[in-house]
Amino acid sequence: NWLLERRNMTSIKDAIKSFEQKTNQVASESEVVQLYGQLPPIVKMDNTLGTLKQCKHLAISSNCIEKITGLKGLDNLEVLSLGRNQIKKLEGLDDVANTLRELWISYNLLDKLNGLEKLTNLVVVYMSNNLIAKWPEFDRFKDLAKLEELLFVGNPLWETHTKTEDFRLHVAGRIPWLKKLDGVPVDDEEKEKGKALVG
């Protein structure tokens, strides 16, 4: 069973090797490392990622990753692309909290945002099509004073409030410094109405 599982997944080590062969680059010296859409998919992130010392943008989307791990040593990481995986929790990000500016984590299985509050340098968060259903999760954004852009369509919370047409107001009331929500600029009127709505 263990062997079968091993055979049906690509290791980080093999994905890095494949990236190097395709691009003629040395992964440990590359600023952008693309490990997305591996066949068979990557199931586990591991400490091999720590060898990517110069990496500013790590693309590891469209795999079958369940847990964020192995980021220690990625001292220059600014953009982490983890969309279309099986991630349930925002954990394992402490080692990149100081440098991370963009988190792309749409199409995963997040229902809570614990851990987001530690990522205080985030400017962009793409987290559409997850399972966020409750407003208290938005309190995690309070510490993200640099946040400018949020993509949130396709979450249960978005679907509920899109029907009542007050989703944008709720968000503007909770994150008044946000500049763009779901691809559309947040205007002053929305911020004013949101503030009144949220109190």
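The values are calculated or read from the model by the stated rules, or taken from the named source; none is laboratory data. Every value quoted in this text rests on a predicted model; they were computed, and no experiment measured them. Note that each Cβ is placed from the backbone with ideal geometry, even for glycine, and that neighbours are counted across all protein chains shown. We work out accessible area using only protein heavy atoms, side chains counted, and drop any ligands, DNA or RNA first. Shrake-Rupley method; radii C 1.70, N 1.55, O 1.52, S 1.80 Å.
Sequence-distant contacts, meaning Cα pairs under 8 Å at least 6 residues apart, place the relative contact order of the chain at 12 percent. Given axes a ≥ b ≥ c from the Cα gyration tensor, I'd like to know whether segment 112-175 is rounded (a/c under 1.5), prolate (a/b larger than b/c) or oblate. Taking the square roots of the gyration eigenvalues as a ≥ b ≥ c, segment 112-175 is prolate. Select from Ala97, Ala145, Tyr36 the residue farthest towards the positive end of the dipole of the chain; place +1 on Cβ of Lys and Arg, -1 on Cβ of Asp and Glu, and compute about the Cα centre. The Cα lying farthest towards the positive end belongs to Tyr36.
When peptides 83-92, 183-192 are sorted by average Cβ neighbour count within 10 Å, with the highest value leading, the order is 83-92, 183-192. For the chain, the fraction of C-alpha pairs farther apart than 23 angstrom is 45 percent. Solvent-accessible surface (1.4 Å probe) assigned to Lys112 amounts to roughly 100 Å².
Sequence-ordered 3J(HN,Hα) estimates for segment 118-123 from the Karplus curve with 6.51, -1.76 and 1.60 and θ = phi - 60° stand at 7, 8, 6, 9, 5, 10 Hz, glycine and proline given as x. Each residue of segment 79-92 was assigned a 3J(HN,Hα) from its phi angle through the Karplus expression (A = 6.51, B = -1.76, C = 1.60, θ = phi - 60°), giving 10, 10, 9, 10, x, 6, 10, 10, 6, 9, 9, 8, 10, x Hz with x at Gly and Pro. Annotation: amide H of Thr10 within the under-5 Å range of Ile42, Val43, sequence separation 5 or more or interchain, hydrogens built in the peptide plane. Comparing Lys118, Lys134, Lys163 in a Gaussian network model of the chain, where Cα atoms under 10 Å apart are tied by springs, the biggest mean-square fluctuation is seen for Lys163. Given a cut-off of 19 Å, name the pairs among Lys22/Lys72; Lys118/Lys191; Lys88/Lys118; Lys13/Lys53; Lys112/Lys134 whose C-alpha atoms lie farther apart than that in the structure shown. Exceeds cut-off: Lys22/Lys72; Lys118/Lys191.
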